[in-house]
Each structure stands twice: as structure tokens, then as C-alpha cells.
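The values are calculated or read from the model by the stated rules, or taken from the named source; none is laboratory data. The shown structure was predicted, so the numbers you read here are calculated from the model rather than taken from an experiment. All Cβ positions, even for glycine, are placed from backbone atoms using ideal geometry, and neighbour counts span all protein chains on display. Just the protein is used for accessible areas: all its heavy atoms, side chains included, with ligands, DNA and RNA removed. Shrake-Rupley method; radii C 1.70, N 1.55, O 1.52, S 1.80 Å.
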Amino acid sequence: MQTKPKTQSMTVKTLGPFLALTFGLTWGIAALLILFTDQIVAIFGEITMTNPLFILAVYAPGIAGVLLVWWHYGLNGLGSFFRRLTLWRMSLVWWLFLILGIPAIVYAGAALKGTISDPFPFAPWYQVLPALAIALFLGPIEEFGWRGLALPLLQRRFTPFWAGLILGVIWAVWHIPSFLLGGTPQSAWSFAPYFAGIVAISVILTPMFNQARGSLLIAVLYHFQMMNPIWPDAQPWDILLFIVAAVIVVWLNRRTMFTRDSAVTDILMLVQGDSV
């Protein structure tokens, strides 16, 4: 008689190895970039968003998440994990927020800043295509770790509000090296508003993620929208508006944000069975 292969289910304690791998890889690479800038530039080129070491540092949460899923559940489990990319069902309101609400907030921030009429920064226009590709395949890969693994594990112990808030703080702290490196967008920004904005967008994404049953697709698209290169510069007004939006989202979803009843805690996409 065949038996089902044994797997070592993840627990909240798995967050320890996940954060160690994520911060170790990202901050380790950042330290090399800061301490040995000239040598690294000579080998890999200028420190920009397309520098291979910079990309590896950004991919760290996704790499850590995928490695841990493989370690605990094997290749079959990894396939089940990636099937969460096929989940797309959520309410029309959330889809409207994802597609139209986010740019509306950014453009409102740009109007307050006075940059809404700035010329399109890509000339000729098709130069935007590689920028869109970079935005899609750079930051969103983080979500295989942040929402793929960390948020479900946090929601096993905390309500969605606190889980999203805690993850937002961790996510913001993880970005600190990008403020110390030249050539990154964050190097020209103030850290405090950015920190608050990261926490706010983490809280906003949490109820959307839960309603979409833990969809990695939704998390990836949300992350892409947040760093979409076609949006105008709206710092720091867009951050203030996202904080206001986070307060409204929490209030409107207070029945689910402060109870774990509808919180997604599964790492794998299961048909039936226990949480894993």
C-alpha cells in the first residue's frame, strides 16, 4: 500500500529562518556594495536596479520563501505553493481598487505636489516597456516570501490587522540598506515617510490577500502597481494618502481584520486537509 510522503509542516517558528535568510542575504550584499563599491562596480557595473547583485538582494525574500517551502514540502509542495499564482477571485471593489484606486491615489498625491503635469519621463514612449518589465520582475518577486510565507504564518498567531502591521514594520526595516546606496530610488527619499507608507500598504494588502484566499497573483500585481514606473512622482503626498486609505480599509473591514476567522494561514494551495 502506498503511503503519502511525509512533510514537515511549517510553524510560526519558521519565520526565524525566513527572516535570517532574507536579512542575511540582502543586508550582506548591501554591506559588500557599500564597503567595496569600486571593486563591485568594476565587475558588475553601476549600482542600479539592473545590477545583478542588487537584483539578488531584492529577490532575497522570494528566494528565502521558495527555499523554505522546498525544504519543508519538497518539489510537490513547491508546485502547490506556486499554484497560488492562479488564484484571482476577489470582490469587484478590490479589483477596482487594485486597478484604478492605486493610480488615483498616486495622481492625487502628484496633484498636491504639483507634478501631475510633468512630462512623460520616457522618450521615445516605448522606452517604458523595459521599465515596466523591470518593475514586474524585480520587486514583486519579494511577495513569494512576504505574502507567500510570512503573512500566513503571522496570521496563525495574530489577527490580520496585527499581522499586516508587524509584517509592514519588518518589510520597511528590510529596506534600510536601499537608503544607504546610491543609484536606488530610495536614496533620494526620506526614510520616515517611506517607513510609514510601507506599513500602510502592507495593512491595505492584508484584507485583499485574505479575500483572494492567499493569492500570490494579487500580491504580485499589488506590488507592481505600487512601483509602476508610469506613475508621476508624488512623494511624500501619496504616502499620506495611502495612510488615510489604510485607516479607511481597516475601518470598512474591521469585522475581518480583528478576528482570525477568515485569515489565510495555509502556505500551500490545498484542495482539502490541514493547514500547512
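List of remarks:
- Protein-only accessible surface order, largest first, of Tyr222, Tyr107 at 1.4 Å: Tyr107, Tyr222
- Note: relative contact order over region 23-77, using C-alpha pairs below 8 Å and six or more positions apart, is 35 percent.
- Using a probe of 1.4 angstrom and keeping all protein chains present, the accessible surface of the chain works out to 51 square angstrom per residue.
- Highest-first arrangement of 144-150, 185-191, where packing means the average Cβ count within 10 Å: 144-150, 185-191
- Where Phe81, Phe36, Phe137 fall by accessible area, highest first, once all protein chains stay in place (1.4 Å): Phe137, Phe36, Phe81
- Packing rank of 83-92, 154-163, 111-120, where each peptide gets the mean count of other beta carbons within 10 Å, highest leading: 154-163, 83-92, 111-120
- Fraction of accessible area attributable to carbon and sulfur, region 130-276 (%, probe 1.4 Å): 67 percent
- Here region 185-211 is scanned for amide nitrogen atoms under 12 Å from the site 7 Å beyond the Cα of Lys113 along Cα-to-Cβ, giving 186, 188-190, 194.
- Gap separating the Cα centres of region 164-178 and region 100-161, nearest whole Å: 15 Å
- Shape class of the chain from the alpha-carbon gyration tensor: oblate, with a/c at 1.5 or above and b/c at least as large as a/b.
- Shape class of region 18-84 from the Cα gyration tensor (axes a ≥ b ≥ c, square roots of the eigenvalues): prolate, since a/c reaches 1.5 or more and a/b is larger than b/c.
- Accessible surface ranking that places the most exposed of Asp238, Asp266, Asp38 first, with a 1.4 angstrom probe: Asp38, Asp266, Asp238
- Rounded FRET efficiency, nearest 0.05, which uses the C-beta distance separating Leu67 from Ser9 and R0 of 22 Å: 0.85
- Working from Cα pairs under 8 Å separated by at least six residues, relative contact order for the chain is 29 percent.
- Prolate/oblate/rounded call for region 1-143, Cα gyration tensor, a/c under 1.5 rounded: oblate
- Signed unit charges on C-beta, dipole axis of the chain, positive-most listed residue Ile204, Gly45, Leu181: Ile204
- When the helices of the chain are scored as -39500 (n - 2.57) per DSSP H run of n ≥ 4 and the total is divided over every residue, the value at 222 nm lands at -18500 deg cm²/dmol.
- Two-site label geometry, Tyr126 and Ser91: point separation in nm, points 7 Å out along Cα→Cβ: 4.3 nm
- Gain on full stretching of the segment that runs from Phe258 to Ala192 - 0.36 nm per residue minus C-alpha separation: 21.1 nm
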